1. Dividing the convex hull volume of the Cα atoms of the range B:10-71 by its residue count, what figure in Å³ per residue is obtained?
2. Under a GNM of chain B (C-alpha, springs under 10 Å), which listed residue has the highest mean-square fluctuation: B:Leu144, B:Leu30, B:Leu43?
3. Given the whole protein assembly as supplied and a 1.4 Å probe, what does the accessible area of A:Leu269 come to in Å², nearest 10?
4. For the range B:91-216, report the translational diffusion coefficient in µm²/s to the nearest whole number, using Stokes-Einstein at 20 °C, 1.002 mPa s, and a Kirkwood Rh over Cα pairs.
5. Please work out the Cα convex hull volume for chain A and give it in Å³ per residue.
6. If you put +1 on each Lys and Arg Cβ and -1 on each Asp and Glu Cβ, how big is the dipole of the range A:98-188 around its Cα centre, in Debye rounded to 20?
7. Can you compute the equivalent ellipsoid semi-axes for the range A:316-408, i.e. the square root of 5 times each eigenvalue of the Cα gyration tensor, sorted largest first and rounded to whole Å?
8. Which one of A:Leu368, B:Thr42, A:Ile78 has its Cα pushed farthest toward the positive end of the charge dipole of the protein assembly as shown, where Lys and Arg give +1 and Asp and Glu give -1 at the Cβ?
Amino acid sequence: MHIQQEMDLYQKLNILTDAAKYDVACTSSGVDRKGDGRHMGNCQAPGICHSFSSDGRCISLLKILFTNECIFDCRYCINRSSNDVVRTSFTPEEVCQLTMEFYRRNFIEGLFLSSGILHSPNYTMDLIYQTLYKLRNEYHFRGYIHVKAIPGADPVLIEQTGFLADRMSVNLELPTAEGLKKLAPNKTRQKILMPMRQVQAKMQENQYEVALYHHAPQFVPAGQSTQMIIGATPESDYQIISVAESLYQKFELKRVFYSAFVSVNQDALLPSLPGGPPLLREHRLYQADWLMRFYGFAAGELLNEKRQNFNMLLDPKCDWALGHLEQFPVEVNRADLGELLRVPGIGPKSARRIVQARRFGALDYAALKKMGVVLKRALYFITCSGRMMYPVKLEEGYILRNLLNVKEKLPFEVQNYQQLSLFEDIGAVKMPGQLTINA
Amino acid sequence: MDNRTIFFCEDSIDGIFTAVYDAWASRLGLGNVTVEVRGNQTLQLFAEYRQVETDHEKAAKVAATIQKRLGLEDYQVLYQAALSKEADKGEAVFRTLVLGLAEVKKKNITRNLGNPAVMRAFELSRTVGFEAHRYQMFVRFRELENGVLFSEIAAENQVLPMIGEHFSDRFPMENFMIYDRQHRDCLVHPGGKAWVILQDMDLEETMIRNYSKEEEKFAALWKGFVSSIAIEERANPRCQMNFMPKKYWKYMTEHDKRISV
Ligand code: SF4
């Protein structure tokens, strides 16, 4: 292992950014904090992206590792102890300086600090704590901080760190305990879930404290998130979204991120993925995740024991609607919000606009279109004042054929995905959703 | 053909609100009057133009009326629409306001998207809001020799009034300036004080290129960061361009070719 002591800040930043880039979460969302009139920084609940890297992902936070030294040997990770790569570490001072100077030039919303395990989980967590302490109390930084809780670290350290951060995350790494055992021999599912539980419990307690004493310090006000790697182990989509659903319900997570496996190490236990990272699959999982969080769908409605994987040709909502034609068409001038949300082509924003606008009078198709309804997709599933837009058959095969002719708004990155050339007629257009929309 | 009386005003919030006031008070009948900002549009042959002189008191009255009778949500929509670059914004704002004042029972007239005038105001407002948000994201400050943080933009709509609060709240003690080359307006925030917008400004080009000692270092660090954070296996410049269109790149540090990494 090379450990280079004398390295300039530029090289360090380069190495410790490169080592942090596989963590997909980069949102600065979940907390509103006004400025205090004296010190630098504020936060906006929806989050703000500041740039986009050449892979099309949003850059919102200074996402770095404190160190890329690591005593663990997770097979999928570039920083694993058995890899021969240049190792280095920041000092807390350096991290603070970079954060402050980047922030005041409007490059970033704040800091995302993660780390390899240096010496021990406790030692590493303490370094992270020191850094955040300095940033909040010496530099008086009021911007966003996302920090990793290191599994196995002393709960006291994790708690103290949580009082300095806005969001905390512990990565689930792989969807199931078996997968984890195989690819991350130094980690166990139980060890990962423990700090997650702790953060959840402390957040609940803190809500009461803050309600009672207005000025009580806030613990992880933007909540916790996690991520899992998709496609390194053989879990089905159904298993994955079921895990996500229980993380939302039982651990009250704010976000679950899905990270298409990028092969960085040669290892007999890892799949080779000649087609590149499974980006389309990752995209379908994000779509399903949105359906669970904002559209009121349960995992078991989207997939089940018999149908374990998403249709790669059709987005999960269209797919669901085609299987439930008995619930359609719905009348837009009467249907409640929940019913509108289940119509393909109607999103949460347009559904809300419809409900608000129709109080002033009945809506027609032209108005729906301007409100953001994608009529090409919705027209099979709605009536407007009792009329359908065109005479269409409410028949699965017919609608499916027509929907497949409508170009789906797939992210550009998915377009690069080789498998897509198998069904070119889906060709990608315009904006993806999940990569910039922060929730 | 338009034979209405057009209240012709300065292209500013106060200008438009003053014209709304005058049009309303003219007693010519609300269907016979409208509001238009001065610009380079072709004048209409049969319309009668009345020149409106901006009056801050009248404008403040209109603003207060909107806030009180229609509500804050509507005020924000109309205010944003009035910052648009589109020529029909005066008409859209005026019509929506007339409708809103006629609805005595319901607030939030701007949610009545089934109505074409309201829909237009809503569209204008949405576009302006979108651009303002883009500049919250993409404004880049460079530190000048004298410690001032300086940024330039070239906005299509008048976004400065919409981002002043955001940056002042964020950087309360910094001296910063955001110069809009398109409108020749400059947002100025002296540390610890309120922000203002200076109009018809030309800046001294040498002054704004006179960077501080540390500036080059942090610009290079940032540029290096942006390139290291990308995952090669997911490379996708088209997606990047779609989220961050080329027209914004000109003033962004990470795309500044003069900075070597
Ligand atoms: S603990 Fe595992 S995943 Fe984390 S840096 Fe070390 S090797 Fe990588």
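The values are calculated or read from the model by the stated rules, or taken from the named source; none is laboratory data. Bear in mind that the values here come from a model prediction, so they are computed numbers and not experimental data. Glycine gets a Cβ as well: all are built from the backbone with ideal geometry, and neighbour counts include every protein chain shown. Side chains included, ligands, DNA and RNA excluded: accessible areas come from the protein's heavy atoms. Shrake-Rupley method; radii C 1.70, N 1.55, O 1.52, S 1.80 Å.
1. Convex hull volume per residue, Cα atoms: 95 Å³.
2. B:Leu43
3. 70 Å²
4. 129 µm²/s
5. Enclosed volume per residue, from the Cα hull, is 162 Å³.
6. It comes to approximately 180 debye.
7. Ellipsoid semi-axes (Å, largest first): 21, 13, 12.
8. My answer, from the dipole projection, is A:Leu368.
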